[in-house]
Amino acid sequence: MATIFTRLRYELRIIGWLNLLVPVFAVVGFVALVVLVAWDDLHNGVANASVNADNIRYLRRLPEYMLPLAGSIVASALTLADPVCELHLTLPRAYRATAVRRMGVLTLWLAVLGVAIVEVIRLFGFWHLPWVFPQDQLTWAAPTLALVALGASLALLLRNRAASSAILGVVWIGEILFGGFLQQYDATKYTYLFLSSEVPSAGYWLGNRLALMGVAVVLLAMMWALLGRNEALLGNES
Amino acid sequence: MEISIRDLTKTYNGKVLALRGVSLEIGTGMYGLLGPNGAGKTTLMRILAGILRPTGGALMIGGIDATTERGRTAVKRILGYLPQDLGVYPDLSAREFLDYIALLKGLDAKRERQRRVGDLLTLVSLSDVADRKLRTYSGGMKRRVGIAQALLNDPRLLIVDEPTAGLDPEERIRFRNLLTDLGGDRVVLLSTHIVEDIAQTCQRLAVLAAGQVIFHGGLGELVSAANGKVWQVTTNGAKPTGDYTVIATQPLADGFSYRVVGVAPPAADATPAAPNLEDSYVWLMRGQRVGV
């Protein structure tokens with residue numbers, strides 16, 4: 001047991017403080033924008049009640065919008081840039097297990113942040129969503145798991161940070177811009193990332209959350225397979 | 001321990017032929033693998049280390065069939081490997097890095113692991129700076145961390161790929177001495193394109209070019225292959241012309257002294273010189289190019 005904790009502690013150190021702070025920066029930046037918008041509205045004579053309603057809506061989006069994006073970018077970067085990859089491939093403990101464990105530690109950190117954000121929003125009385133703990137944690141957990149697994153898989157598949165980040169960006173922005181369209185069809189509405197924020201009353205909310213976690217499992221299996229391609233990991237295979 | 005390599009081939013993407021029927025027998029002690037960049041040395045090292053699967057051929061390492069998945073896993077338990085480009089985790093100290101790698105090598109007992117890490121830090125003379133972050137280490141210090149991690153599991157097979165590239169002369173000598181000390185009761189495979197590293201450490205070697213073994217045997221055999229092919233000639237400045245490879249040019253007060261390799265003397269006043277390993281290597285590679 002002590003060995004497992006020691007290994008997890010090292011994985012946390014290897015992820016590094018800067019990578020761990022990326023989701024925190026994203027959350028802080030988002031909150032700062034909400035405060036800025038509220039301040040601007042109040043100085044422009046917008047009614048106080050209206051300002052509050054807008055801010056609450058913005059804040060409720062925070063865990064579902066920001067954690068998946070920040071987590072996926074960090075997952076992609078970590079998967080691509082392991083300076084000790086070649087050495088890992090010669091060790092008796094398989095590299096794929098180490099890489100997945102590292103993703104697990106990152107996900108655990110995102111979970112800590114996710115729970116904390118939801119609870120803080122709830123503490124201020126802004127969490128007006130129809131679910132209770134622990135179901136309400138699916139608001140951020142399902143899209144975060146799906147996008148983290150997507151970020152890692154894309155990094156392994158493309159071996160290119162710019163390309164994988166661009167695709168992640170397209171998926172994220174695409175889901176925001178074309179959310180209404182995506183919700184019209186069965187094929188896409190179950191993988192719509194921001195359902196809790198945009199249509200919290202949707203009858204298929206739980207199905208959507210479970211489907212997103214299913215996507216994460218499939219992508220994790222893909223990541224596992226890609227981590228077994230040593231030649232590609234070392235850049236000998238196009 | 002014996003390593004037996006038979007007709008080993010490796011093709012990348014079904015197109016690039018990196019190894020073409022390599023056959024070698026390697027016994028205990030230091031063994032050099034010499035060749036120009038792109039000769040296939042790193043591919044061969046990676047196959048021996050279980051990172052890459054060979055496309056064809058047979059590979060037995062200490063009685064283990066290393067062409068199978070199970071065999072590769074078994075080899076990893078007796079292997080120490082120092083890759084050409086050893087990256088490190090910059091935010092870990094040398095002690096933490098070694099402890100982490102030791103865990104991944106299966107050294108789970110904390111006390112035993114810490115003792116082993118401490119011993120190896122002493123061996124590579126890094127005890128005093130063991131708790132400094134690796135980002136502050138020089139290239140030579142990182143190489144020493146690299147050799148320490150390779151020794152964590154007291155490997156029977158130690159593979160070091162271009163270990164002295166980029167090191168200053170003093171670090172290079174220190175590293176070579178360390179490798180020689182390690183070669184006693186294990187197989188140490190030293191892959192390099194630096195002839196001097198082989199000359200100073202190995203008694204047996206193989207030379208690879210374009211994915212093929214073009215020589216394997218003792219150091220003396222390779223050196224004697226260039227007997228009568230190395231010449232010293234002094235001119236007033238003009239380089240010897242003809243079918244020669246100039247090994248060295250030394251300016252003199254009234255001209256230049258050239259050391260050349262070729263079949264016949266480059267001038268009537270050329271004197272034969274005793275070949276060294278570098279001359280013989282150049283002679284061998286020259287023969288490879290012109291098909292002598």
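The values are calculated or read from the model by the stated rules, or taken from the named source; none is laboratory data. It should be emphasised that the depicted structure is a prediction, and the values quoted were computed from it without experimental measurement. So basically every Cβ, Gly included, is an ideal-geometry build from the backbone, and we count neighbours across all protein chains shown. SASA here: full protein model, heavy atoms, side chains in, ligands and nucleic acids out. Shrake-Rupley method; radii C 1.70, N 1.55, O 1.52, S 1.80 Å.
The figures follow:
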item	result
Positions within the range B:168-194 being open to solvent by 20 Å² or more (accessible area, probe 1.4 Å) and either under 21 Å from residue B:36 (Cα atoms) or not assigned by TED's automatic domain parsing to the domain that holds residue B:41 (or both), in sequence order	B:168, B:169, B:172, B:176, B:193, B:194
The listed residue being open to solvent by 30 Å² or more (accessible area, probe 1.4 Å) and among the polar types (S, T, N, Q), out of B:136, B:164	B:136
Only one of B:186, B:204 that is over 13 Å from the mean Cα position of the chain (by Cα) and either among the charged types (D, E, K, R) or modelled with pLDDT of 95 or more (or both)	B:186
Among the residues listed as A:114, A:180, the single one being in a helix (DSSP H, G or I) and crowded, with 19+ Cβ neighbours inside 10 Å	A:114
Some residue of the range A:78-89 being more than 10 Å from chain B (Cβ to nearest Cβ), of a type in the set (Val, Ile, Thr), more than 25 Å from residue B:84 (Cα to Cα) and open to solvent by less than 50 Å² (accessible area, probe 1.4 Å)	no
Single residue of the range B:74-95 satisfying the filter (within 7 Å of another protein chain (Cβ to nearest Cβ) and in a helix (DSSP H, G or I)) that is most open to solvent (accessible area, probe 1.4 Å)	B:77
Options B:61, B:3: the member that is open to solvent by less than 40 Å² (accessible area, probe 1.4 Å), away from every other protein chain (no Cβ under 14 Å), within 19 Å of the chain's Cα centre (by Cα) and β-branched (Val, Ile, Thr)	B:3
Check on residue A:158, within 15 Å of the chain's Cα centre (by Cα), at pLDDT 90 or above, open to solvent by 50 Å² or more (accessible area, probe 1.4 Å) and closer than 30 Å to residue B:43 by Cα	no
All positions within the range A:123-147 that are open to solvent by less than 10 Å² (accessible area, probe 1.4 Å) and under 28 Å from residue A:83 (Cα atoms)	A:144, A:146, A:147
Counted residues, the range A:9-31 - those being part of a helix (DSSP H, G or I), within 11 Å of chain B (Cβ to nearest Cβ) and not hydroxyl-bearing (Ser, Thr, Tyr)	9
Which listed residue is part of a strand (DSSP E or B) and either within 10 Å of another protein chain (Cβ to nearest Cβ) or within 30 Å of residue B:141 (Cα to Cα) (or both), from B:21, B:32, B:106	B:32
Some residue of the range B:114-129 being buried (at least 17 other Cβ atoms within 10 Å of the Cβ), within 12 Å of chain A (Cβ to nearest Cβ), more than 30 Å from residue B:220 (Cα to Cα) and touching a residue at least 12 places away in the same chain (Cβ under 8 Å)	no
Identity of the residue in the range B:195-212, of a type in the set (Val, Ile, Thr) and farther than 17 Å from residue B:159 by Cβ, that ends up most open to solvent (accessible area, probe 1.4 Å)	B:195
Tabulated pairs, the range B:5-21, first under 14 Å from residue B:42 (Cα atoms), second loosely packed, with under 15 Cβ neighbours inside 10 Å and charged (D, E, K, R), C-beta under 7 angstrom, 6+ apart or interchain	B:12/A:237
